[in-house]
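The values are calculated or read from the model by the stated rules, or taken from the named source; none is laboratory data. Here the structure is a predicted model, which is why all the values come from computation and not from measurement. No Cβ is skipped: glycine too gets one built from the backbone with ideal geometry, and neighbour counts run over all protein chains shown. Each accessible area value is taken on the protein alone, full model and side chains, heavy atoms only, with ligands, DNA and RNA left out. Shrake-Rupley method; radii C 1.70, N 1.55, O 1.52, S 1.80 Å.
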Protein chains: 2
Amino acid sequence: MAKRPTIIDVAKLAGVSKATVGRVINGQNDIVSEDTRSRVMHAVKQLGYERNAVAGSLRTDRTFMIALAIPDITNPFWPEVARGVQDAIEAQGYATVTVNTDWQPEREQKYLTMVRRNRFDGLIVNPIEASRTDLLNIHIPVVILGSGGYYPDMDSVGSDTAAGVDTALNHLLELGHRRIALITGRPSRNNRVRSRHDAYVAFHAKHNLQINQDLIIEKDFSEHSGYEAMHQLLHLDNPPTAVFAANDILAIGALKGAQALDWHVPEDVSIVGMDDIYAAATTSPSLTTIIKPKYETGVKAAEYLLARMSGDNIDQGRHILLPCELAVRGSTAPPRDI
Amino acid sequence: MAKRPTIIDVAKLAGVSKATVGRVINGQNDIVSEDTRSRVMHAVKQLGYERNAVAGSLRTDRTFMIALAIPDITNPFWPEVARGVQDAIEAQGYATVTVNTDWQPEREQKYLTMVRRNRFDGLIVNPIEASRTDLLNIHIPVVILGSGGYYPDMDSVGSDTAAGVDTALNHLLELGHRRIALITGRPSRNNRVRSRHDAYVAFHAKHNLQINQDLIIEKDFSEHSGYEAMHQLLHLDNPPTAVFAANDILAIGALKGAQALDWHVPEDVSIVGMDDIYAAATTSPSLTTIIKPKYETGVKAAEYLLARMSGDNIDQGRHILLPCELAVRGSTAPPRDI
DNA sequence: GCCATCAATGAGAACGTTCTCATTAAGAAC
DNA sequence: GTTCTTAATGAGAACGTTCTCATTGATGGC
């Protein structure tokens, strides 16, 4: 590899000091004469000089790079969140290293080490098991994706899942459903707040509805789990007339499970999902779902982080839950037995 | 921010030189005595020392970071490719900065500048308009995602799209279809090789089938375009009995277009897509499609890049097209008029 | 005992930028 | 003419690691 020109080469060619070259390339035009500036720019162009960000980072202790740690970029929920982060971060001259924890704590720890060693300026993370102390120990700004309950010092951006569940169940209630099942996922270690489950319970209390434990199924977040859960539900003596699934992938599995048993959706059983991934609108019938503001979540998290990296030093973390929205498509209808 | 311990602090505490500390933390155990090594590691632990990768990068001119430039992480095709790259790259101690060109040349150029200034060790790119010279001028290893026709010096990894089209059309031919339409996307500037279109033409020549230009529709790659194209096709005096769409998003649009006209799929018209995105398996009927090996493409590209970054200096680029596979699902059947 | 070899370690320069403090020259005020 | 102020620029240290060459001490061979 040919040696690349440095500011010393530029300084020699322009007949100025390297400090002056530095002033010119960093845009400090108020303290450099036009004549000097012109000579420097001429030399820069002639030599094809390009600033070495690594050297600058060593001197300033700022890399203009951040890490985004999400469970899995191939999970349809996350690309839009990532895109929101990337867009907002890049607009301020930063770059994003995106990593996949795969819901594994060891991987999460590995990435925290990476962040420290590379002197990244910030971290946006959907935590698996990382404790508050773990995250404070990297000594850079951290923004939490999801609810920030366990991280009071840090900013967090999540969706108002509880309100979303309420909206979904209310939609079903207004259609006339009284026997509504819940297919939900297993909470991760740090998410002991089982927000979907709790919201389901609260909804039943609010509307003086009896809870039937047979109508609550907890499995991992996969399409296959949704399929199996639906089979379980539809084989009950008294099956539900509607099902709320904790995310669209579970809901798609539930839809396939119903159809495999020749149950018609929505005539025989209604289904509501959550997330609004692309596939939710392509099923037949297309899924009624709760839209989570994925891109906006990413943008907001990035904004919080950028503010922190710019010197904002608020001790108490900011916690925001972005509102969800109901998208009524083809998977819900009044129950047959009205 | 508290000052972090450096190797000078460790050296002082362990009573050795900083060169010796460097030898220990870089694992050069063969030339350091066990006693010395132990003292150093003790001091490292006591001080909580962590290597500063930025300083190392400045000295060695290696960042152990690469850039991955794709059109859009939210397009369902790309997350798996990205995941393949990330997994293979990380396994060798590198980190990946993923950027979105949005099919815009100016963004692409912006990212090339970013790569140069940050002294990244390599680049994997699905090019928009970047020329061979552009890519050679960054003076680091580059691997092309897609066919590498315009970049003979660089390694490239693509899918064997032509063979995939052939397979799709053959599947339809074997079902008895003779009037097969093609919905394809507009080629980008550097992809004048219209591989899907050319493969469609070649297939017809091979089987002595007449080409009807009315059955070839070229629009941008969106679901809406697929919907409109299907409407156009089904309104012909002599509509096709089958449609091959250039990707799954087009195919999903085509499916919705047919259903909106009360055409049954696959009874009235068969549809084949390409890519095998998640949504292709969730439509009803689920889409018969050509599976592109997305994750494997990413892994292979990363392997080529890693080899280059390790010193491989082959002048002629390696070009590989990974095989595609037919996934027969519910959107294809024999034509009605047999 | 002397010399050569090798293992183990140390000293200091290098990487390329940024920043701080010093210097110089020009202009204005007295 | 002298003094003060300000704009413009320069010199050199700093950032934290890696690497090269030098040094030292121990051991083995003659």
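Can you give the accessible area buried between chains B and A, summed over both chains, with a 1.4 Å probe, in Å² to the nearest 100? It would help to have the intermediate numbers written out before the result.
Values: alone 17140 and 17120 Å², together 29790 Å².
The summed interface area works out to 4500 Å².
Once both labels are modelled 7 Å past Cα along the beta-carbon direction, what's the A:Ser310-A:Asp134 spacing in nm?
3.1
For region A:22-80, compute Rg over Rh where Rg is the Cα radius of gyration and Rh is the Kirkwood radius from the inverse mean 1/r over Cα pairs.
When Rh is taken as the Kirkwood radius, the ratio is 1.27.
Could you tell me what percent of the DSSP beta bridges with both partners in region A:209-338 are antiparallel, to the nearest 5?
Of those bridges, close to 30 percent are antiparallel.
With a 10 Å radius around each residue's Cβ, average the other Cβ atoms per peptide and rank B:261-271, B:75-85, A:35-45, highest first. The partial results should precede the final answer.
On the way: B:261-271: 18.9, B:75-85: 23.5, A:35-45: 16.4.
Answer by packing, highest mean first, reads B:75-85, B:261-271, A:35-45.
Using all C-alpha to C-alpha distances in chain A, build P(r) with 10 Å bins and read off the rounded percent in each one.
5, 22, 24, 18, 13, 8, 6, 4, 1, 0
Highest mean first, how do B:90-97, B:55-62 rank when packing is the count of other Cβ atoms within 10 Å averaged over residues?
So the peptides B:90-97, B:55-62, ranked by packing, come out B:90-97, B:55-62.
Ignore the peptide's own chain and count Cβ atoms of other chains within 10 Å of each Cβ in B:115-124; give me the average, rounded.
Mean shielding count: 3.
If you bin the C-alpha pair distances of region B:1-140 every 10 Å from 0, what whole percents do you get?
11, 30, 24, 18, 14, 3
Give B:Lys18/B:Lys45; A:Lys219/B:Lys294; A:Lys256/B:Lys256; B:Lys3/B:Lys45 a once-over and call out the pairs whose C-alpha atoms are over 23 Å from each other.
A:Lys219/B:Lys294
Averaged across A:275-284, how many Cβ atoms of other chains sit within 10 Å of each residue's Cβ atom? Could the numbers behind the result be given before it?
Details: counts 0, 0, 4, 10, 9, 2, 5, 16, 5, 9.
Partner Cβ neighbours, averaged per residue: 6.
On a 1.4 Å probe surface of the protein chains, which of A:His207, B:His319 comes out largest in accessible area, and what is the full order?
On the way: A:His207 60, B:His319 95 Å².
Final ranking, largest accessible area leading: B:His319, A:His207.
Peptide A:49-60: average number of partner chain Cβ atoms within 10 Å per residue? The partial results should precede the final answer.
Details: counts 0, 5, 3, 7, 9, 16, 5, 3, 7, 7, 2, 0.
So the per-residue partner count for this stretch is 5.
Roughly what % of Cα-Cα distances in region A:219-338 sit above 25 Å, to the whole percent?
Result for the distance tail: 36 percent.
Rounded to the nearest 5, what % of the DSSP beta bridges within chain B are antiparallel ones?
Bridges in chain B that DSSP calls antiparallel: roughly 10 percent.
At B:Gln213 and A:Lys206, where each label point lies 7 Å from the Cα along Cα→Cβ, what is the point-to-point distance in nanometres?
In this crude spin-label approximation the distance works out to 6.2 nm.
If packing is taken as the average number of other Cβ atoms within 10 Å across a peptide's residues, how do B:272-278, A:128-134 rank, most packed first? Numbers along the way, then the final one.
Values: B:272-278: 27.1, A:128-134: 15.9.
Averaged packing, sorted descending, gives the order B:272-278, A:128-134.
If we hang a label 7 Å off Cα along the beta carbon direction at A:Ala205, how far is it from the matching labels on the other copies, in nm, shortest first?
List, nearest first: 7.3 nm.
For region B:124-179, what is Rg from Cα atoms divided by 2.2 N^0.38 Å, rounded to two decimals?
This ratio for region B:124-179 stands at 1.65.
List, shortest first and in nm to one decimal, how far the label point of B:Glu174 (7 Å from Cα along Cα→Cβ) is from its counterparts in the other copies.
So the label point of B:Glu174 gives 5.1 nm to the other copies.
What are the label-to-label distances in nm, one decimal and shortest first, from B:Glu50 to the same spot in the other copies, with labels 7 Å along Cα to Cβ?
Reported distances to equivalent positions: 2.9 nm.
For the protein assembly as shown, give me the percentage of DSSP beta bridges that are antiparallel, rounded to the nearest 5 percent.
Of the beta bridges lying entirely in the protein assembly as shown, close to 10 percent run antiparallel.
List the aspartates and glutamates whose Cα lies under 12 Å from the Cα of B:Lys300, skipping any in the same chain that are fewer than 8 positions away.
In chain and number order, the partners are B:Asp87, B:Asp155.
So if each residue of separation counts as 0.36 nm, and I subtract the Cα-Cα distance between B:Ser17 and B:Ala55, what length gain in nm does that give?
Contour length minus the Cα-Cα distance gives 11.9 nm.
If you take the Cα atoms of region B:7-51, find Rg, then find the Kirkwood Rh from the mean of 1/r over all pairs, what is Rg/Rh? Present the calculation step by step, with values, prior to reporting the outcome.
Details: Rg = 8.9 Å, Rh = 9.9 Å.
Result for region B:7-51 is an Rg/Rh of 0.90.
Could you tell me what a quarter of the Cα convex hull surface of the protein assembly as shown works out to, in nm² with one decimal place? Before the final figure, lay out the partial values.
Working: hull surface 145.4 nm².
If you wrap the Cα atoms of the protein assembly as shown in a convex hull and average its projections, you get 36.3 nm².
Report Rg(Cα)/(2.2 N^0.38 Å) for region A:161-292, keeping two decimals.
0.94
What spacing in nm lies between the two simple spin-label points modelled at A:Asp87 and B:Trp263, each 7 Å away from Cα in the Cβ direction?
Taking the simple label geometry, A:Asp87 and B:Trp263 are separated by 3.4 nm.
Mind grabbing the accessible area of B:Phe64 for me, 1.4 Å probe, Å², rounded to tens?
90
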